[in-house]
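The values are calculated or read from the model by the stated rules, or taken from the named source; none is laboratory data. Everything numeric in this text was worked out from a predicted model, so none of it was measured. No Cβ is skipped: glycine too gets one built from the backbone with ideal geometry, and neighbour counts run over all protein chains shown. When the accessible area is computed, the model is the full protein with side chains, heavy atoms only, and any ligands, DNA or RNA have been set aside. Shrake-Rupley method; radii C 1.70, N 1.55, O 1.52, S 1.80 Å.
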Amino acid sequence: MSSYNYDDKFMYSLYDKMEKQLKHHRYIHSVGVAGIAAALAMKYDEDVFKAQIAGILHDCAKSYKDDELIEQCIKNDIEITGFEKANGFLLHAKYGAYLAEKKYGIEDPDILNAIRWHTTGRQNMSLLEKIVFISDYIEPTRSKASDLDRIRSRAFNSDNIDEVLVMIMGDTIRYLSSSENSIDITTMSAYEYYKRKQINE
Ligand code: DGI
Ligand code: FE
Ligand code: FE
């Protein structure tokens, strides 16, 4: 158990709040991410409770429209890049971390960072950040991504979690390139970093 102020009652209240805050399908997705994150925490030896809390909250800012996210970030002195301004949905991760702290009472910086970096990933991710990033991609209601069966299997059978990260980041970048979406430098540099790390190991 972590030394922070989380107990079962607190965790149940977060589920209640997310059920009210999010669209039904998004709430089901978040419950799925929380469950898979907890399972991966058991496998990779991370705090199960923290993984569950980061999972249930990771999309807590998903109900905001792009322009509302930009507006809220400006209002609350959250720095936004030009790329984020042009792709406002990316800010649901950054603003989500802000809400997790200010509105939902999360103090643990690792949980806040797992929410903050769940969409793009980044270089040098913590184990908890990796677990939430992977869970977001593989939770049970996801079905569209290519190679999902193989990635799900590796997530639970690999002894190297970075291998799973590289598969997901690679597929995401291929998908974004094929759909003519632009790719954030954070997404690209995270992929390059973990791909290089894999080769050098
Ligand atoms: O919020 P979710 O839908 O559960 O998942 P998410 O926060 O991981 O967002 C997924 C989307 O984000 C997916 O369609 C890929 C996209 N994404 C990730 N990195 C980038 C990106 N989109 C753009 N345009 N650029 C990126 O660098
Ligand atoms: Fe998200
Ligand atoms: Fe998500």
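Here is how the numbers come out for the structure above:
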read-out	value
Average projection area in nm² (convex hull over Cα atoms of the chain, one quarter of hull surface)	11.0 nm²
Per residue, in Å², the accessible surface of the range 8-200 once ligands and nucleic acids are set aside, probe 1.4 Å	49 Å²
Hits among lysines - C-alpha to C-alpha of LYS85 under 30 Å, sequence gap 8 or more where chains match	LYS17, LYS20, LYS23, LYS62, LYS65, LYS75, LYS94, LYS102, LYS103, LYS130, LYS144, LYS195
Highest-fluctuation residue, GLU46, GLU180, GLU19 considered, GNM on the chain with Cα pairs under 10 Å	GLU180
Within the chain, helix-based [θ] at 222 nm, where runs of 4 or more DSSP H residues each add -39,500 (n - 2.57), nearest 500	-21000 deg cm²/dmol
FRET efficiency estimate (nearest 0.05) - Cβ-Cβ, SER63 to ASP16, R0 22 angstrom	0.90
Point-to-point label distance, LYS102-LYS23, nm (Cα→Cβ direction, 7 Å offset)	2.5 nm
Estimated inter-spin distance, SER146 and ILE78, nm [label 7 Å along Cα→Cβ]	3.3 nm
Vicinal HN-Hα couplings computed from phi for the range 54-65 (Karplus, 6.51 cos²θ - 1.76 cosθ + 1.60; Hz; Gly/Pro x)	4, x, 5, 8, 4, 9, 4, 9, 6, 7, 7, 6
Portion, in percent, of the accessible area of the chain that falls on carbon or sulfur, probe 1.4 Å	50 percent
Efficiency of FRET from Cβ geometry, LYS43 and LYS197, R₀ 25 Å, rounded to 0.05	0.80
Highest average packing first - 137-147, 159-169, Cβ atoms within 10 Å	159-169, 137-147
ASP162 paired with TYR175, simple spin-label distance in nm, labels 7 Å along Cα-to-beta-carbon	2.4 nm
